[in-house]
Amino acid sequence: MSQLVAIVGRPNVGKSTLFNRLTQSRQAIVDDTAGTTRDRQYGKVDWNGREFSIVDTGGWVVNSEDIFESEINKQVHLAIEQADEILFVVDAMNGVTDLDDHVAEILRKSRKPVILVANKVDSNEWLYNVPEFYKLGLGEPYPVSGINGYGTGDLLDEVIAKLPERSDEEEDLDDIPKFAIVGRPNAGKSSLINAFIGEDRHIVTDIAGTTRDSIYTRYDKFGFDFYLVDTAGIRKKNKVNEDIEYYSVIRSIRAIEASDVCILMIDATRGIESQDVSIYSLIQRNRKGLVVVVNKWDLVEDKSTTAIKHFEDAIRNRLAPFTDFPIIFSSAITKQRIFKIIETAIDVYKNRKRTVPTSQLNTVMQEAIAAYPPPSNKGKFIKIKYITQLRGAQVPSFIFFCNLPQWVKEPYRRYLENKIRENWDFTGTPINVFMREK
């Protein structure tokens, strides 16, 4: 199961700066204005061989005239509910505030592992303020600086120590393909699983967000054997009042990380929207296989070849530059092409496991390199001498040994990837191209 860490705290304590530091990115917008972060940011953290997802929420606000107050508060509640571990960020420069007390009270009731992070310890003088945070009753505060990275190594060690280890049951799942059904709310994910297994095992309602928490459904009919990963659970109607976009993405994180191939559901009556692109970005970030399913095709009036081509072009344009993935037009209600979805997902899974003989790889790719060699840099020429595929990698990975790997730019890497795809079937799966010095 995926492991999710949420960053929470009042506004302007440096949560986004810390998020950028831990993910080694500049995803989150950083500004001195309190409340700059109103949406969620998702990233991956890799520390000493352990990887986990992290979510940056909006700042906690009470009794504010800000029209975003209720939404920010909801996001914090949802992050607390869904996360495996929580980083509670406070400001070492300002000390404990009433808002900190308010958040701490909620976190103490959450019964989730909480790490208290005293941020903005940008110099040693601020260390003297850190002991004050013991009064929050959440254990030892960890002094860090999101700006210069001070203390983040010790913090990550503690995060890893508190994250749950993979269970034996999860290890046993590794040998069987796992397909995740993901998509925005009400796109027909649970209906599709019910159509696959031939029974209403998963609750299906018109309430967007009825489903939560990743579960596995074993499918072993008609010669197939794999797990379907869905996010399932029962909620009463009056309980479904949370931030729907947040829930769809937070659940998708868990389902995507638990899978080998993702089946991305798109509602044919609405077309591809920004939320579909957000979920697709999560699939790409996690380097998973992809099958796009345009569901509810039975409700579309124009089913001509021209309409299908227009729909396919629109999807590939929105999801570019990765366009080598299958698109299936289906209906979970009428069961139109649902077995085609399974067959295609299995093909993509096999493509992820495909290995190319080294001799064949060198013969074909050296011809492609000779036809279009890497551009020279400052009068020096890049010579690619040998190519091999990395065995045992989760994603097909190819290593090109050359004399000047640092001068091979991204456009030429894409050229090499495209040539690999032209000669071998890697449809639906990402490819890694590494340049190494010979």
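The values are calculated or read from the model by the stated rules, or taken from the named source; none is laboratory data. Source: prediction; values computed, not measured. Here the Cβ positions follow ideal geometry from the backbone for every residue, glycine too, while neighbour counts run over all protein chains shown. Just so you know, the surface numbers come from the protein's heavy atoms only, side chains and all, with ligands and any DNA or RNA stripped out. Shrake-Rupley method; radii C 1.70, N 1.55, O 1.52, S 1.80 Å.
Which links in Lys288/Lys409; Lys135/Lys162; Lys178/Lys409 stretch past 31 Å when you go from one Cα to the other? Walk me through the intermediate numbers first.
Working: Lys288/Lys409 24 Å; Lys135/Lys162 22 Å; Lys178/Lys409 34 Å.
Pairs exceeding 31 Å: Lys178/Lys409.
Filter the GluC sites (Glu not before Pro) in region 113-165 to those in DSSP coil with at most 12 other Cβ atoms within 10 Å of their Cβ, and list the result. Before the final figure, lay out each step's value.
Details: sites: Glu125, Glu132, Glu158, Glu165; in loops: Glu165.
Counting only loop positions with at most 12 other Cβ atoms within 10 Å, the GluC sites (Glu not before Pro) in region 113-165 are Glu165.
For the cross-link pairs Lys383/Lys438; Lys353/Lys438; Lys378/Lys419, which exceed 19 Å when the distance is taken from alpha carbon to alpha carbon?
Where the Cα-Cα span goes over 19 Å, the pairs concerned are Lys353/Lys438; Lys378/Lys419.
Using a 1.4 Å probe on the protein chains only, how many percent of the accessible area of region 331-416 belongs to carbon and sulfur?
Values: 2630 of 4820 Å².
Heavy-atom surface of region 331-416 belonging to carbon and sulfur, 1.4 Å probe: 55 percent.
Leaving out ligands and nucleic acids, note down the accessible area per residue over region 257-400 with a 1.4 angstrom probe, in whole Å².
Solvent-accessible surface per residue comes out at 48 Å².
Residue separation times 0.36 nm, minus the C-alpha to C-alpha distance between Glu105 and Ser304: what's the value?
65.8 nm
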